[in-house]
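A quick write-up on the structure given underneath.
Please treat every number below as a calculation from the coordinates, not as lab data. Bear in mind the structure is a predicted one, so any value in this text is a computation, not a measurement. Reconstructed Cβ throughout: ideal geometry from the backbone, glycine too, with neighbour counts over all protein chains shown.
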Amino acid sequence: MSGARLRHGFLLAGLVGLGLLLGWSLLNLHPYGEFHGPDEIRIEAIALHERHVTNLDAFVNFDLRALDTLGEEFIFFTAIVGLSLVLRRLPGEAEEGKSLPLAAGRSAPEPDELTRWITPAYVPALVVFGLYVLIHGHLTPGGGFQAGAIIGSALAMIYVAFGYSAFSHTVDQERTEVVEAAAAACYIATGLTALAIGASFLTNILPVGETGRLYSAGTIWILNDVSGAAVSFGFLTMMAEFISQTHHRGSGAGG
Amino acid sequence: MDKVPYLTAGWVFLAGLYGMATSRNLVHQVMCLSVVQSATYVLLLASGYREGGLAPIMIGARPDNATFVDPVVQALALTDIVVGAAVTALLLAIIIRVWRVKHVLDPDALTRDES
Amino acid sequence: MALQLGSYILVAIGALMVVLTRRPERQVLVYSLYGLLLSLLFLVIRAPDVALSELAVGSVAIPLAILVTLSKMRDPERLQ
């Protein structure tokens, strides 16, 4: 077992060394609370007056640095594609005809009564809340990425309360994949429209409207909604992929 | 108080790294990786904090010379969190595949197998 | 200020707890609680967007994915 002890010793030595370097560099950062950004760029000065947008994070994500958000969204998309690829049925694999093994003398656990009562009331409220967070993303805290996570998790509650067949009726995996890809394409299409009229890629070209109204801030709300659709359907695809792994296909309602 | 935020980020990073390196279960390792990622979010947000700054939402009444905390690092962090979740899900899918083939979840046993 | 100090310390302790919980079934719950602590820290740091993101992802979506993964990988021989 000395091999393991040696490895453990190396690990601790490495961690201590890394810790010292990390501590030295972290303590030489600017003092906590005194962030001085580049003085020429005052984001809050231009956000309200030029773009009529009140959520500065959404402004940075979908206007100032929209190209980086495009990259992030495509990392997300690629991860979901990779997930579907890894979990696909390989040519040699049979359909999963066996259910999960159960211990002798026990039956599969029934979903909780309370969960089954609460979920039909809770899930629609969560979805509406997620849509609210999405649509008001350029006004109040929120936006595409947050709302996508909320909506994806809300619909996964259907699986928790009612099992696989209910979930597969609500979330059709092939359709969510198509919508996710279409939403990602719409993001690029919005950027290309800006190119088409002579501005740079992903410039904010729509009229900025009145502060605080839903249809303000130019292309920010379009990019926001589109990336929210992409992320939420991406999360639904991910949940559907994982959940279909726990179900034995070939029985139950056809998906 | 001056040192605590950045040192917390460093501590969380090192703790997650230690957990990853001494893990005996792949799923445990994936969660430790997630902890390491969260250390970077803490560092980003701590570096963008401004004393007396408001949250970067410009709704509602505020004093005339109000300053805001830096929104750029927050924008980075919030997309990072969601993308990190997707990558974690991809890792979990790979673990499911590994389980189906090898029926072991111990990283040491997995590396010992290929010889 | 004291609120921020407390939040940072809670996050540090939470991260240690997540790492030291070895069994994945238990670690998922500790991780979900850690997501909540992180979200509170982000709120106190004046970052509501990030707090919302971390709450939805770290406390719900990822633990759900992990639990579904774990339920798929059960060892038939260990059930008696």
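The table below lists the values:
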{"item": "Cα-only Debye scattering, region B:1-94: base-10 log of I(q)/I(0) at q = 0.16, 0.20 Å⁻¹", "result": "-0.76, -0.98"}
{"item": "Whole-angstrom gap from region B:20-67 to region C:37-56, using each part's C-alpha centre", "result": "7"}
{"item": "Using a Förster distance of 56 Å, the FRET efficiency for A:L206-B:V98 (Cβ separation, nearest 0.05)", "result": "0.70"}
{"item": "In nm, spacing of pseudo-spin labels at A:A185 and A:W117 (7 Å Cα→C-beta vector)", "result": "4.7"}
{"item": "Relative packing of A:21-27, A:10-16, which averages over residues the other C-beta atoms within 10 Å, highest first", "result": "A:21-27, A:10-16"}
{"item": "Directionally averaged projected area (convex hull, Cα atoms, the protein assembly as shown), nm²", "result": "25.4"}
{"item": "Shielding by other protein chains, B:30-37, mean Cβ within 10 Å", "result": "5"}
{"item": "Cβ neighbours within 10 Å from other chains - mean over A:5-17", "result": "2"}
{"item": "Average projected area [Cα convex hull, region C:1-41], square nanometres", "result": "2.4"}
{"item": "Value of Rg to Rh for chain C (Rh from inverse mean 1/r over Cα pairs, i.e. Kirkwood)", "result": "1.11"}
{"item": "Estimated distance in nm for a label pair at C:L33 and A:E44, the labels positioned 7 Å out from Cα along Cα-to-Cβ", "result": "3.7"}
{"item": "Relative contact order, percent, chain C [alpha-carbon distance under 8 Å, six or more residues apart]", "result": "29"}
{"item": "Shielding by partners - mean other protein chain Cβ count within 10 Å, residues of A:24-36", "result": "6"}
{"item": "Centroid-to-centroid separation of region C:14-34 and region A:169-205 [C-alpha atoms, Å]", "result": "38"}
